[in-house]
Each structure stands twice: as C-alpha cells, then as structure tokens.
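Notes for the one structure printed next.
Bear in mind these aren't lab numbers, they're just calculated from the coordinates by the rules spelled out. Small disclaimer: the values here were computed from a predicted structure and weren't measured. Glycine also receives a Cβ, built like all others from the backbone with ideal geometry; neighbour counts cover every protein chain displayed.
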Amino acid sequence: MPAHLIDGKAIATRLIEHITAAVSDLRAAHDLQPGLAVVLVGDDPASQVYVRNKARQTAAAGMRSFEHVLPASTTQAQLLAVVRQLNRDPGVHGILVQLPLPSHLAEDEVIEAIDPAKDVDGFHPINVGRLSIGAPALVPCTPYGCSLLLRSVQPDPAGQHAVIVGRSNIVGKPMAQLLLALNCTVTIAHSRTRDLPALARSADILVAAVGRPEMVRGDWIKPGACVIDVGINRVPAAEPGKTRLVGDVAFAEAAEVAGAITPVPGGVGPMTIACLLRNTVIAACRVRGIGLPVDF
Ligand code: NDP
C-alpha cells in the first residue's frame, strides 16, 4: 500500500487532549465549564448509541453534558419548547438535535429555532451564511474534521483541484466552502454529474461523501492524490450473519494509487465528535467574550 494512511483516530485523540486541556484552563481561569445539550427524539438504536457516546466523551473532556431523550410521539411544539428552553439556559453553550428526526417533525424549523450562537452542528442558516462569506461561524463538524485530516498531510493545499462527490447540506456543501477558504479550486459532483470517474481523476484532493459502499474505484484516483473518505456504510461480512463497515471508496484499490488516504473506520468518523467538542468550547468562549484557546 504505497499511500500514506491518515490516522483519524490518532489525530482525533490529540485534538480531544488539546480540548480537554483548554476546558481545564477555562474552568480554572474563568470559572467557565462549557456545556453541551444533545436532544434525541425516538428510540432508534443507532442514534441512541451516538448520543450516549457523545455524552460520555463530553463528560470525559471536563464539560457538562445534558441529555434530553424524548419519545417518538413528541410533537413539533413540544420539541420546539425544549429547544427554546435550552436556548435560555446559561449553562448550555451548545445544542445538538440528533438527526434524522421522526418523519412527522419538520427538521428545518427545529434547526432554525436553535440559537445560532449555540448551533454546534453549524446547520443554522446564519452559520451556513457566515461560513460562505468567510465570517466567524460555527462550522459543521464532519467537514471541518475532513479539513483537519487534509491539513495533517498538506498544511497549505492552495491551488490544488479538490473534487467533492456529494452535495448534502451537512457534508458536501460546507466541505466546498472550507476548501475554497483554503484556496483550493473546488468542483462539487453529484448524482447528475457526467463522467464522474474522469472528473475524479482530475482531483488532487478527492472527498467522497456519497453514501454508496466502495463506489469510488482505484482507477478513479489520480496518482498521488489525497483521498478523504466520509462514507460510513454497513455491508455483509464474509462470515455469515456478520456485517462490516466500508467507506465510499474501494480502499485497497485506492491505496495503491493515492498519495494519502483515510481508512474507514478510523478516518473521518472519530474527527466528527472531536470537532463537536471543539465547537462547544468555541461557543462557550464567544458567549463570555473570552479569546479562543491557543491553536483553536
Ligand atoms: P446524502 O445522502 O445527504 O448525500 C449524498 C450525496 O451523494 C448527494 O449529493 C447525492 O447526489 C450524491 N450521490 C448519490 N449517488 C451518487 C452517484 N451515484 N454519483 C454521484 N453522486 C451521488 O449523504 P450525506 O452527505 O449525509 O452522507 C454521505 C456519506 O457520509 C454517508 O455514507 C454517511 O453515512 C456519511 N457520513 C459520515 C459522517 C461521519 O461522521 N464520518 C457524518 C455524516 C455523514 P444528489 O444530490 O444529486 O442526490
């Protein structure tokens, strides 16, 4: 495997150590303990695992963690009331509503009800707009994590051609803004893009955020390119009845051609929670008018 393996787990661990130290300093110097509230509606087992994991890591970093688990029958008005109460709570600096919501709830209205200063997912239109004009914003966690992984191997990717496959509001579009801000030349591809393999082969930086297992093949990769695989797909394993996780990139093939590549699991995934904790610290510092910790 000639490609350099970008170890997201190790990079996320170092980032969380840095955040934990910053939280300890904020508590000692400013009596400020950042607090993150996570709201889960319904009993989807995968979401329950995510939420429990977020709560555990939030507390481990020295922050306050607030969990609000609401029944699947929760109405729009009840959910909005919880969000508004969290907006008013001075101990809560970050609010995350676990998506997707049950289908009877209007996600857009819930996201817009979150105070933009507490919107640690970075999905509120105010933060989306701020990111696009280069103003200080709370930036979506997964794409920000991808940009850190990229910069771990290419501190200054200015002038490189970045191709992002996927144009979702939570990954593809904010990823494009972040790469533009790093002075890349950015192309966004999607399901209607023509001759995607040829476009992908023109990429110095290829970000795959599609949700299709191993769609990006080895012969789509430009030799030496940096490949960031956002996909998390569960597929049947060789052993009957078992499953395994794969990305949107055919890893073994791609690693023969790429210059650097993220694995799945252990690449982008661990960065998302680390960046969520980082956003919570940023939100807490901003609301108190405290300068951000060094290297944030
Ligand atoms: P969405 O389903 O919202 O978006 C998928 C995008 O891929 C769409 O823009 C779609 O195009 C495009 N697409 C679908 N099929 C094709 C195709 N055949 N050719 C080209 N483009 C295609 O997914 P998300 O952005 O939410 O997530 C993408 C992946 O990232 C998923 O595997 C998800 O699990 C993973 N993920 C991982 C996270 C992490 O922490 N590591 C966090 C968030 C997501 P169109 O718009 O035209 O339909």
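Side notes on the structure shown:
- Amide H contacts of R244 (H built 1.01 Å from N, in plane; Pro and chain starts excluded): V235, A237 sit under 5 Å, all sequence-distant by 5 or more or on other chains.
- Only beta bridges with both residues in the range 141-270 are counted; by DSSP, about 20 percent of them are antiparallel.
- Normalised contact order of the range 30-115, rounded percent, pairs of Cα under 8 Å and 6 or more residues apart: 40 percent
- Per the chain, cysteines lacking a partner by the 4.7 Å Cβ criterion: C146, C184, C226, C285
- Classification of the range 1-91 by its C-alpha gyration tensor yields an oblate form. The axis ratio a/c (a ≥ b ≥ c) is 1.5 or more, and b/c is at least a/b.
- Inter-centroid distance (Cα atoms) of the range 168-191 relative to the range 200-250, Å: 18 Å
- A simple count of charges around L276, restricted to other residues whose Cβ falls under 11 Å of its Cβ and scoring Lys, Arg +1 and Asp, Glu -1, yields +1.
- Spatially proximal lysines relative to K9 (Cα-Cα < 23 Å; intrachain offsets below 8 disregarded): K54
- Cα centroid of the range 142-161 to Cα centroid of the range 22-75, whole Å: 28 Å
- Estimated inter-spin distance, E107 and A28, nm [label 7 Å along Cα→Cβ]: 4.2 nm
- Amide H contacts of D44 (H built 1.01 Å from N, under 5 Å, at least 5 apart or other chain): none
- Within the chain, antiparallel bridges make up roughly 10 percent of the DSSP beta bridges whose residues both belong there.
- Rel. contact order, % - alpha carbon contacts under 8 angstrom, at least six apart, the chain: 21 percent
- Per-residue ³J(HN,Hα) for the range 60-65, Karplus 6.51 cos²θ - 1.76 cosθ + 1.60, θ = phi - 60°, Hz, x for Gly and Pro: 5, 7, x, 9, 8, 10
- Considering only Cα atoms, the convex hull volume of the chain works out to 136 Å³ per residue.
- Packing-based ranking, highest mean first, of 246-253, 55-62 given that Cβ atoms within 10 Å are counted: 246-253, 55-62
- Dipole of the chain, positive end: most advanced residue of Q85, A250, H190 [Cβ charges, Cα centre]: Q85
- Amide H contacts for T185 (H built 1.01 Å from N in the peptide plane; partners 5 or more residues away or on another chain; cut-off under 5 Å): G159, Q160, H161, A162.
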